[in-house]
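All remarks here apply to the structure that follows.
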Amino acid sequence: MTTHVQVHHFPLFIDGQWQPATSGETFHVYNPATGEVVATVAKATADDVDRAVKAARKAFDETDWKAMKPKERARVLNAIAQAIAANAQELAYLEAISSGGTIRRISSIDILQTVDLFQTMANIVQEYPFSETLPIPPFPGPAHNFVWREPIGVCAAITPWNLPLMIASWKIAPALAAGNTIVVKPASYTPLSTLKLAEIISSFVPPGVINVVAGPGADVGEALVRHPQVDKVAFTGSTEVGRRIMALAAETVKNVTLELGGKSPNILLEDADLDLAVPGSLFGVFLHSGQLCESGTRLFVPDRLHDEVVERLVALTKTLQIGHPLDPATDVGPVISKRQKETVLSYIEAGKQEGATIVCGGHEVEVPGCEGGHFVAPTIFSNVTNDMKIAQEEIFGPVLSIIRYHDVEEAVTMANDTIYGLAAGVWTRDVNKAYAIAGRLQAGVVWINDWHMLRNDAPFGGYKQSGIGREMGKYSLDAYTQLKHVHTSMVPELGKRKWYQVLFSRLHTMMKK
Ligand code: NAD
């Protein structure tokens, strides 16, 4: 399928306006399905980061944005949701031509999830305890005490290329709901939908509340993390870059949340309904060509079911149609880049070298009409052991490792034997058994008889090296607010303030004179 796409041009979005980069430089965005240039984008430098942060600072310090009442803020969030829905077609198109995600998935999941996120935050912000009153303390004397939750200030959001619109929104929606301002740095492969989103949002907020600076992570991302006027950094990306961000943020002791990589275990129990578990496990691993942080990339299968499960998985995988993301018939699109394709193929080679068996795929794919594209066949390895490189490292491509187990104890131990802890899953007809296992899995989310089921009102984030903090729902408001304790004394008489006597031993006698 050849698309004769119009080449778009996007400047930076700073202080409520489209602005060129100070350097005047631009970079290309390519369609990973064809290799065609689909856009040129202004390439920010540290000077542009400084301009964007100062605009965000000014909007935070000098407008009444941060003091807006929750009800009014909910109105803004609902208006943004409506505007996203009104621009759904353009957003979905920009997302598909740059990320390689299928238009079928983006239009039906990503857009709806994003609209619902802003609406959900609109509801949550009205219930959120921005001010709580504590009971009168018994000691040392009566007082009125409040706990206030205040916005943190200028937030920096750094996002990856796999789900650009959703992941930027997971940061923007709670940041705005709590009254912060924000500067977003999208991944250079996929800045388009984030830039468009900023333009949409800017109609409803003061200039400077939302800004987007696109450009290389090592320059633009680092400048943002180091900037002394940035108060919080929210990062989604690889664990490797997450470690670097945490170290850089330490220089100015910034508040940091990190959503990082995964190697999520999917445990099939002996009593699983295979009619559900087989398609469910493939949905869990091959959606978006396996480029989802919480993909179920390690499938643990009991000895007794092993051969049947492998056979069924292979048969169903062979029905997947690989093609152009804009073709509604496409099930699996490309991986993001030539480099990513080579990385995935090198992991496939490593799996073979370590003795795993390819039962399906294992090679790149030529798609007619998409000759410059980067396609890898959905690949299944059997005979994988949990210590192999393909079972321990995040591949971020369409590769499933099947690992046999003898008893459930062994499966749970292997499932937890990873540096990651983002997601996990269990397939069984016995829900009590599932809860018992869920309680032992070291992961931020556990799906029972399903996969990829994120909710906008449920927390999402990782255990272990999959991250710090949680996004979505009221939990994301916790991450975008800081606590202030306000104490008002109810004891006006000096003589009754016995606690002052711990310093002034003579105060009592002096007052009697
Ligand atoms: P990446 O870590 O390479 O890049 C993420 C972002 O960080 C990009 O915008 C990049 O430009 C920027 N960046 C790179 N180096 C930087 C630096 N030194 N300082 C500041 N910013 C820098 O990740 P990616 O390849 O874009 O995305 C894939 C990774 O993201 C996978 O590891 C995946 O698991 C992870 N991911 C995690 C989640 C989650 O919610 N836990 C969601 C999606 C993706």
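What follows draws every value from the coordinates through simple rules; no lab data is involved. All values reported here derive from a predicted model rather than from experimental measurement. Glycine gets a Cβ as well: all are built from the backbone with ideal geometry, and neighbour counts include every protein chain shown.
Details
- The chymotrypsin sites (Phe, Trp or Tyr not before Pro) of segment 465-513 meeting both criteria, a DSSP state outside H, G, I, E and B (loop) and at most 15 other C-beta atoms within 10 angstrom of the site's C-beta, are Phe504.
- For the chain, the dipole from Cβ point charges (+1 on Lys and Arg, -1 on Asp and Glu) about the Cα centre works out to 2660 debye, to the nearest 20.
- Local net charge near His406, Cβ-Cβ under 14 Å (Lys/Arg +1, Asp/Glu -1): -3
- Taking Lys and Arg as +1 and Asp and Glu as -1, the other residues whose beta-carbon sits under 13 Å from that of Glu95 total +1.
- Charge dipole magnitude, Cβ of K and R +1, D and E -1 - segment 265-456, Cα centre, debye nearest 20: 360
- Helix runs (DSSP H) in the chain reaching 20 Å along axis by Cα, Kyte-Doolittle at least -1.0: 46-62, 70-86, 111-127
- Total formal charge among the other residues, if their Cβ is under 14 angstrom from that of Pro142, Lys/Arg +1 and Asp/Glu -1: +2
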